[in-house]
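Remarks on the structure that follows.
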Amino acid sequence: MVRPGPPLSGVVRVSGAAKNSGCKQLAAALLAPGVTVIRNAPPVSDLDVMMDVLRALGAAVERTGDEEVTVDASGPLEGEAPYELVTRMRASINVLGPLLARCRRARVAMPGGDNIGSRKLDMHFRGLEAMGADLSVVHGFIEARCDRLYGARVVLDFPSVGATENLLTAAVLAKGTTVIENAAREPEITDLAAFVNRMGGQVIGAGTSTIEIDGVEELLAVDTELMGDRIEAGTLLMACGIAGGEIELQGVRLEHLEMVVMKLGEMGMRVSPTPDGIWALATKRLQSVDIATLPYPGFATDFMPMAVALLSVADGTAIVTENVFDARFGFVDELNRMGADIRTEGRHAVVRGVPRLSGAPVRASDVRAGAALVLAGLAADGETTVLDRRHVDRGYVDFTGKLRALGADVTSAEGE
């Protein structure tokens, strides 16, 4: 439940990137026999699902602290990721590369996750096949085998984060050198590569469009710490833009949010780095700007729903173009129920800003759509009730608590 309140004010610490980085590093922990410790890994439901996937594969996984997870992959692994878990979260596909590299076989159910458009696995398959794997889809399962993986040159059609991660983690134990061209450049890729290198891998170029991996014979389990969640940070910056105020975010790096910060600056916010994070100030109604989502370092698609919520109360008209997923505007109907003036056609949305929204019951359809609706409630007269809160919990740690710490009038009810 969200009610309008005073401008935001205060300091909050951004959580570790448990969804976008933690899930991938949990999967990569399968590469090394031994005990891996992942710190700054707060509890979000997607991370819990990935922990269950690893347990089903034969690893011993437990939460050893509020923000610490231990993975013991010493024993033999099963090589099969079950349907009932994988269909709950798209990132479960990330176990495919590590299982092939270590076990030479994998059987992984076709993944599920957010209903935000088609995301085919062709690039995963072609890359692994180039490295010597035989893959097929049988009765809803990806079945993969190899005698051994070998280094190869792989050119991705699109800088897919998931394909880059899967191929990187497969190549690290392959024989020879693998080169991934047109690789994803997201900070989470750099975080994953750093983790693998601490394990003894030989990965160079992460964060650029060309990644080179020299395969090694074995990896060792290590301790690691997740980067701050840049999506959570961007969400809170946009909350400040909607509600106004002055906030400080700790535990995140501004350079991971450069395009978002640039757009917020064009809209009239002031955003600056601090020694441990980001400071932001919004003193008046913001101006509309056009936005087009692109792979990193462009404007991330995960920020788009919150940006549309912000633009819905900005001064002027903006065109938002979604270039990554083909069905991500489903949340727009819910914003329009709150009085927003948004029209969509294909991959484009025309957002005409209105001075205020009107509180209404709305329903979250995915993680970022849910966050966008909560933010919209900050600029809506009356009470906004966001149903299906479980989607928000998949990607955010105590989202309502952090907004309350900044002065927002937000509460949550179990079962909603």
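The values are calculated or read from the model by the stated rules, or taken from the named source; none is laboratory data. For clarity, every value in this text was computed on a predicted model and none was experimentally measured. Reconstructed Cβ throughout: ideal geometry from the backbone, glycine too, with neighbour counts over all protein chains shown.
Structural remarks
- Residue within the range 281-301 that is within 26 Å of A408 (Cα to Cα) and either in contact with a His (Cβ under 6 Å, 6 or more places away or on another chain) or of a type in the set (D, E) (or both) present: no
- Subset of the range 234-279 (residues that are part of a helix (DSSP H, G or I), farther than 18 Å from G407 by Cβ and either in contact with a Lys or Arg (Cβ under 7 Å, 6 or more places away or on another chain) or among the β-branched types (V, I, T) (or both)): H256, L257, V260, V261
- Listed conditions (1) over 30 Å from P98 (Cβ atoms); (2) touching a residue at least 60 places away in the same chain (Cβ under 8 Å); (3) surrounded by fewer than 20 Cβ atoms within 10 Å (Cβ to Cβ); (4) not polar (S, T, N, Q) are all met by D223, apart from (1).
- Within the range 139-154, the set of residues being in contact with a Lys or Arg (Cβ under 9 Å, 6 or more places away or on another chain) and surrounded by fewer than 14 Cβ atoms within 10 Å (Cβ to Cβ) comprises D147 only.
- Matching residues in the range 1-27 - criterion: being among the charged types (D, E, K, R) and under 25 Å from M89 (Cβ atoms): K19, K24
- Of the strands (runs of 3 or more DSSP E) lying entirely inside the range 5-96, those containing at least 1 residues that are outside the structural domain of L128 (by TED's automatic domain parsing) and of a type in the set (S, T, N, Q) are 8-13.
- For A73, the requirement of being among the aliphatic types (A, V, I, L, M), surrounded by fewer than 17 Cβ atoms within 10 Å (Cβ to Cβ) and in contact with a strand residue (DSSP E or B) (Cβ under 8 Å, 6 or more places away or on another chain) is not met.
- Any hit, the range 265-284, residues being farther than 27 Å from G207 by Cα, surrounded by fewer than 22 Cβ atoms within 10 Å (Cβ to Cβ) and small (G, A, S): yes
- Filter pass, I231 being touching an Asp or Glu at 6+ places or on another chain (Cβ under 7 Å), closer than 26 Å to A369 by Cβ and not in a loop (DSSP other than H, G, I, E, B): yes
- Test for V86: is it among the hydrophobic types (A, V, I, L, M, F, W, C), under 18 Å from A106 (Cα atoms) and in contact with a helix residue (DSSP H, G or I) (Cβ under 6 Å, 6 or more places away or on another chain): yes
- Summed over the range 332-367, residues that are of a type in the set (D, E, K, R), closer than 16 Å to A379 by Cα and in contact (Cβ under 8 Å) with a residue 40 or more places away in the chain total 1.
- S136, sole failed condition from (1) surrounded by fewer than 20 Cβ atoms within 10 Å (Cβ to Cβ); (2) more than 19 Å from the chain's Cα centre (by Cα); (3) more than 26 Å from L156 (Cβ to Cβ); (4) among the hydroxyl-bearing types (S, T, Y): (3)
- In the range 97-137, the residues that are over 21 Å from L31 (Cα atoms), modelled with pLDDT of 85 or more and not in a helix (DSSP H, G or I): L121, S136, V137
- Listed by first and then second residue, the pairs linking a residue in the range 17-40 that is of a type in the set (V, I, T) to a residue that is at pLDDT below 95 and in a strand (DSSP E or B), with Cβ atoms under 8 Å apart and 6 or more places separating them unless they lie on different chains, are V37/T64.
- Taken over the range 23-50, the residue count meeting the criterion of being farther than 15 Å from P98 by Cα and of a type outside the set (S, T, Y) is 13.
- Of everything in the range 204-228 that is hydrophobic (A, V, I, L, M, F, W, C), in a loop (DSSP other than H, G, I, E, B) and out of contact with any helix residue (DSSP H, G or I) (no Cβ under 6 Å at 6 or more places or on another chain), the residue that is farthest from R253 (Cα to Cα) is V216.
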